[in-house]
Amino acid sequence: MSRTSADAPVGTATVSALPSAGTPHQHRWWILAVIGLAQLMVVLDGTIVNIALPSAQRDLGFSDGDRQWVVTAYALAFGSLLLLGGRIADLFGRKMTFLVGLVGFAGASALGGAATSFEMLIVARATQGLFGALLAPAALSLLTTTFTDAKERAKAFGVYGAIAGAGGAVGLLLGGVLTEHLDWRWTLYVNLAFAAVAFVGGALLLQRATRDRSATIDIPGALLVSSGLFCLVYGFSNAESHDWGSPATWGFLVAGGILLAAFTWWQTRSTHPLLPLRVLLDRNRGASFVSVLIIGAGMFGVFLFLTYYLQQSLGYTPIETGLAFLPMVGGLMLASTLASTLLVPRIGPRPVVPLGMGLAAAAMVWLTNLDLASSYATDILPPLVVAGLGFGLVMAPAMALATDGVRAEDSGVASAAVNTMQQVGGSLGTALLNTLSTSAAADYLTGRNPKDPAVLAQAGLEAYSTAYWWSAAFFAAGAIVSVLLYRRGAPTHNPDAAPAVHM
């Protein structure tokens, strides 16, 4: 790689060492590949372990009640520490934070793959979440500051949005392949390969930039937001195993709400706020944060319950289940690219994102018609493709606009806020949809023989249908909210609002 002026040692002169907004990074598309690989690793880790859980449970001997914590431990650490991770990336350098996140994530994955007990596996998953909270916002902020041309930035975010949306489905497929042909431990060991390639690419391609050594981390803000998000995610997770009226559920949810309200108040008074409110107050950015939250909640209606339906109701293998989701991934990638490069630059997000929400809602309603005799080609494939198109029209524009126009020093925390919305939305969706679907199945079994396989199969269909209907409601609400919040017209790009800082 040729040495540019940006590679030169940085002394007291700072801005002059950085490329200007008119000087695109010569390796920017390779950087996109590195960032995309790292993001894929983080996103797919939320689902790749799911398919391996039965095998891990048999191997390590933990109970059904403990099984959810293999997923929840990751979500708790990841969701509660994202904002802190984003601010660390801003203050201590995005390249360094990115590389440290990769190494830590790989080490935690190796520990989980070698786990000899349930406790060891849970510690490894929580550690994955911790380093993922460093890695994810650093990756997105690197993307934000690397692509300075509006058209190229739109293309980059189209790819990134497709990865963020499709990573869950890729995780299901890869998890099925690894579990069937190797061992459940390889669903964790595979991260070593992802991390190694991304680390080498990041070390060679990413460039350091100067940081403000006078800035400090907002410790009270970090404690308030981390504990508040922890309580929210923990409360929603408890709803799966406790009643919504249990203090273990509503108590944590109330505590989380109070702590987050206190965090918001503190950010208006802190000298160096963890999340400057200027990041949230832009209308398009605020709409994008809400859209990411809603689609994170609603997408579980496809990933989680359709997985159950295909395997338990139709008898698909893990690999067949993963393959079944590929057309949805194709639709998502196509729509993400079209939305970012063609639709939003011309007509703006206001018609595009609500259209995506509407398509997703229609797909969920379509899925409520599935039964034990449904055919993949005629009954499952069409709504999956429609759902993928809808997800793509929402994910890429929302993720791009959520960080559009932020100051370079705020790009890390803005990126973290996007990931936080997605994580909290996913946790909310998992808890709420699981609770509602379980209640629907229990209501159906009332007065019927619970030992009859046909009755149990129909109860499962009732549960899945209820989840789809509620997912449709999430997306319908998202369509209304996005119509009301997004500005009319194509977004304007002010090069002075987001200085180019190539890391």
- Query: Roughly how many percent of the accessible protein surface of the range 57-138 is carbon and sulfur, given a 1.4 Å probe and a whole-percent answer?
  - Reply: 68 percent
- Packing-based order for 218-231, 379-392, 452-465, using average beta carbon neighbours within 10 Å, highest first: 379-392, 218-231, 452-465
- Query: Roughly how many nanometres apart are two label points built 7 Å out from the Cα toward the Cβ at Ala196 and Thr317?
  - Reply: 2.7 nm
- Message: If each residue of separation counts as 0.36 nm, what is the full-extension length gain between Leu342 and Leu381 once their alpha-carbon separation is subtracted?
- Response: 11.4 nm
- Note on the structure: Restricting to lysines and to Cα separations under 28 Å from Lys95, and discarding same-chain partners fewer than 8 apart, the set is Lys151, Lys155
- Glu152 to Asp443: FRET efficiency via 1/(1 + (r/R0)^6), r the Cβ-Cβ distance, R0 60 Å, to the nearest 0.05? 0.70
- Send over a whole-number figure in Å² for the accessible area per residue of the range 312-355, probe 1.4 Å. 44 Å²
- Please provide three numbers in whole Å: the alpha-carbon extents of the range 209-343 along the principal axes, with the largest listed first. 57, 48, 28
- Query: From the backbone phi of the range 85-97, what are the Karplus-calculated ³J(HN,Hα) couplings (6.51 cos²θ - 1.76 cosθ + 1.60, θ = phi - 60°) in whole Hz, Gly and Pro given as x?
  - Reply: x, x, 6, 4, 4, 5, 7, 10, x, 6, 5, 5, 5
- Note on the structure: Subtracting the Cα-Cα distance of Trp29 and Ala473 from 0.36 nm times their residue separation yields 156.0 nm
- Share of the range 270-414's accessible area from carbon and sulfur, percent, 1.4 Å? 66 percent
- Subtract the Cα-Cα distance of Arg278 and Thr116 from 0.36 nm times their separation in residues, and report this length gain in nm to one decimal. 53.6 nm
- Query: Spin-label point model (7 Å from Cα, Cβ direction): what's the Trp244 to Leu223 distance in nm?
  - Reply: 3.4 nm
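The values are calculated or read from the model by the stated rules, or taken from the named source; none is laboratory data. In this text, all values refer to a predicted model and were calculated from it rather than measured experimentally. Cβ atoms come from the backbone with ideal geometry, glycine included; neighbour counts cover every protein chain shown. Calculation scope for accessible area: heavy atoms of the full protein, side chains included, ligands and nucleic acids excluded. Shrake-Rupley method; radii C 1.70, N 1.55, O 1.52, S 1.80 Å.
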